[in-house]
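Take a look at the structure below.
No value in this document is a laboratory result; all are computed from the given coordinates. Because the structure is predicted, anything quoted here is derived from the model rather than measured. Glycine gets a Cβ as well: all are built from the backbone with ideal geometry, and neighbour counts include every protein chain shown.
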Amino acid sequence: MPNLSTANQLTALEQQLLNRATEFVPYLQTFGTLIDEERDIPNEVIQKISDAGLFKLGTPKEYGGHDVSIRAMVEIISEVARGNGSVGWVVQIINGNNYNASLSFPPAVLDLIFNQEEEVRFCSVLLARKATVEKVDGGYWVKEGFWGFGSGSKQATHALLNLLDAPAMSKSNGPTLAVVPMSQVTIVDDWYTMSLRGSASNSLQMKDVFIPEQFVLVQDMKQAPPMPIEVTGRDQYRPYVQLITNITTGISAILGLARGAVEHFVEKAPHKGITMTVHTSQAAVGHIQYTVGLAAMKVESAHLHIGRAIDNLERHVKNAEQLSLKEIAQLQTDMTYAAMLCWEAVDLLVAESGGSVIADSNRLSQIFRDIRGGSNHALTTASTGLELYGRVLMGMPPQHLLTLAAASFLKQPASELSK
């Protein structure tokens, strides 16, 4: 299934990285069953991804990264996921977190982090399930902490963790983000799932760990000042980091999985009949043709929604403009709606794939499981996004915590509903 991006939207370097990712697709497809069975990505695969520079998409150039555009990040990572969902998910999470961390912490702290490792890779969990943390001289003492779904934890060098759990967050004006080397974090081997089995989305645990104050960022959304207009370059994106998270750490892998499903079905259909019928080739059957067309249009429509969100964000960044509450909600809903369209496309194809599709080793079955889990992520859950957009359109305050955080950071009151 063709990538809908046009050459003039990517730089020469970004196109080169996209081509590298595309070249990996057949290679990654051979590891599908092994990755699911081992619940891990082979070191060989991780090394090839690293050698190709695909873990440095969101890393600033001053630290040896590529610092690609948000659009390029989506396109490149979706190609990786077209080869394998777990690999795409890990590449997505690490690059998105590297990008977000580099926009959140001051340069002096980034120097300490990125100059310690040849290749920094962040996993993250932005809400603790349980955290007992004490402010002490020079930093924070984590008596006990437990965080769920630390995707990419086995490949990460650092974790970006919110030191607040839900009760503490309800009393706070924003998260308390800490950068912690993975050497101080215990990975709990509890990722036994039907979906994204190789993503290492294990729980993370800390006990009696001291975190120096310089590696902790207390975000007060109610006090965050707007970014001055004269700021240029990468720093222009700093006020929008809450919204960028929606794009960089959720939808790319889902888009790639859906593209891969359409391609796989189209490749197999001419050589596959329909049991208990006279049809010897699915490709010659009218309702299969209709289903493939519908599935493909859903995936292409999802890409258009993603593109609209990126275009809108880039326009506001370029003009140093704040987004209205409606625009913030629309951007978030574009991501969740795109995820729903991708999931629906795969579901349509699975329904026409016969009994063999239920085998664990069946590629479409692997995609089906991975995209279902990915679409259930908090940033890509369609029901949450559509509720959000409906509430804002009808003049009600948003229910989504990330919307409230982004609106607060950008100084948009909940009652502001400008078009």
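If R₀ is 56 angstrom, what is the calculated FRET efficiency for the pair Q289 and E62, using the beta carbon separation as r and rounding to 0.05?
0.60
Where does helix 12-29 land angle-wise versus the long Cα axis of the chain, in degrees 0 to 90, nearest 10?
Rounded to the nearest ten degrees, it is 60.
So what's the gap between the Cα centers of region 64-81 and region 254-320, to the nearest angstrom?
21 Å
Using modelled amide H (1.01 Å from N, peptide plane; none on Pro or chain starts), what sits under 5 Å from the amide H of S124, excluding residues fewer than 5 places away?
S151, L160
Sorted from largest down, give the three principal axis spans of the alpha carbons of region 151-208, whole angstrom values.
35, 26, 17
List, in order, the whole-Hz ³J(HN,Hα) value for each residue of region 169-180 obtained from phi through the Karplus relation with A = 6.51, B = -1.76, C = 1.60 and θ = phi - 60°; use x for Gly and Pro.
Taking θ as phi minus 60°, the curve returns 5, 5, 9, 10, 8, x, x, 10, 8, 10, 9, 10 Hz for region 169-180.
Can you list the residues, at least 5 places off or on another chain, whose amide H is less than 5 Å from the amide H of A178, using H built in the peptide plane?
Amide H neighbours of A178: L161, N162, L163, L217.
With θ set to phi - 60°, apply the Karplus curve 6.51 cos²θ - 1.76 cosθ + 1.60 along region 198-204 and write out the HN-Hα couplings as whole Hz, x wherever there is a Gly or Pro.
Result, rounded to whole Hz: x, 7, 6, 7, 6, 6, 10.
Got the relative contact order for the chain handy, in percent, Cα pairs under 8 Å and 6 or more residues apart?
16 percent
Cross-link partners among aspartates and glutamates for K268, C-alpha distance below 18 Å, same-chain residues fewer than 8 apart left out?
D347, E352, D360
Using a Cα-Cα cut-off of under 30 Å, which lysines could be cross-linked to K171, ignoring same-chain neighbours fewer than 8 residues away?
K130, K135, K143, K207, K222, K326, K411
Name the residue farthest towards the positive end of the dipole of the chain from the options L110, V278, T30, assuming +1 on Cβ of Lys and Arg, -1 on Cβ of Asp and Glu, about the Cα centre.
Working it through, the farthest residue towards the positive pole turns out to be V278.
What net charge do the residues around W343 carry, taking every other residue with its C-beta under 12 Å from that of W343, with Lys and Arg at +1 and Asp and Glu at -1?
In short, 0.
Give, as a single signed number, the net charge of other residues whose beta carbon lies under 11 Å from the beta carbon of V25, with Lys and Arg counted +1 and Asp and Glu -1.
On the way: positive: R20, R82, R259; negative: E23, E79, E263.
Spelling it out: positives minus negatives among the neighbours equals 0.
Please report the relative contact order for region 122-218, taking Cα pairs under 8 Å with a sequence separation of at least 6, and give it as a percent rounded to a whole number. Before the final figure, lay out each step's value.
Details: 227 pairs, mean separation 34.2, N = 97.
It comes to 35 percent, rounded to a whole number.
Counting only residues 5 or more places away or on other chains, whose amide H sits under 5 Å from the amide H of Y140 once H atoms are built in the peptide plane?
Placed amide hydrogens put I211, E213 under 5 Å from Y140.
Once you've got the GNM for the chain with C-alpha springs shorter than 10 Å, pick whichever of A156, A309, A108 has the biggest mean-square fluctuation.
So, out of A156, A309, A108, the one fluctuating most is A108.
Can you list the aspartates and glutamates whose alpha carbon sits under 13 Å from that of K48, skipping same-chain ones fewer than 8 residues off?
By straight Cα distance, K48 reaches E23.
Where does the chain land at 222 nm, in deg cm²/dmol rounded to the nearest 500, when only DSSP H runs of n ≥ 4 count, each adding -39500 (n - 2.57), divided by all residues?
Computed mean residue ellipticity for the chain: -15500 deg cm²/dmol.
Let me check I've understood the local charge: for G152, count other residues with C-beta under 12 angstrom from its C-beta, Lys and Arg +1, Asp and Glu -1. What total comes out?
Net charge in that neighbourhood comes out at +1.
Largest first, please: the extent of the C-alpha atoms of the chain along each principal axis, to the nearest Å.
77, 48, 43
In degrees between 0 and 90, to the nearest 10, how far off the longest principal axis of the chain does helix 286-318 point, with axes built from Cα atoms?
The angle comes out near 20 degrees.
If r is the Cβ-Cβ distance from V136 to S50 and R0 is 30 Å, what FRET efficiency results, to the nearest 0.05?
Values: r = 37 Å, r/R0 = 1.23.
With R0 = 30 Å, the Cβ-Cβ based efficiency is 0.25.
If the viscosity is 1.002 mPa s and the temperature 20 °C, what Stokes-Einstein diffusion coefficient in µm²/s follows for region 7-114 when Rh is the Kirkwood radius over Cα pairs?
Diffusion coefficient, whole number: 150 µm²/s.
Residue separation times 0.36 nm, minus the C-alpha to C-alpha distance between V266 and A320: what's the value?
Result: 15.0 nm gained on full extension.
With Rg and the Kirkwood Rh both taken from Cα atoms, where does Rg over Rh land for region 50-193?
0.98
Taking only the alpha-carbon positions of region 233-409 and ignoring solvent, what does the Debye formula give for the base-10 log of I(q)/I(0) at q = 0.11, 0.12, 0.16, 0.17 Å⁻¹?
The calculated log intensity ratios at q = 0.11, 0.12, 0.16, 0.17 Å⁻¹ are -0.54, -0.61, -0.90, -0.97.
What shape does region 42-85 take by its C-alpha gyration tensor, where a ≥ b ≥ c are the square roots of the eigenvalues and a/c under 1.5 counts as rounded, a/b above b/c as prolate, and the rest as oblate?
oblate
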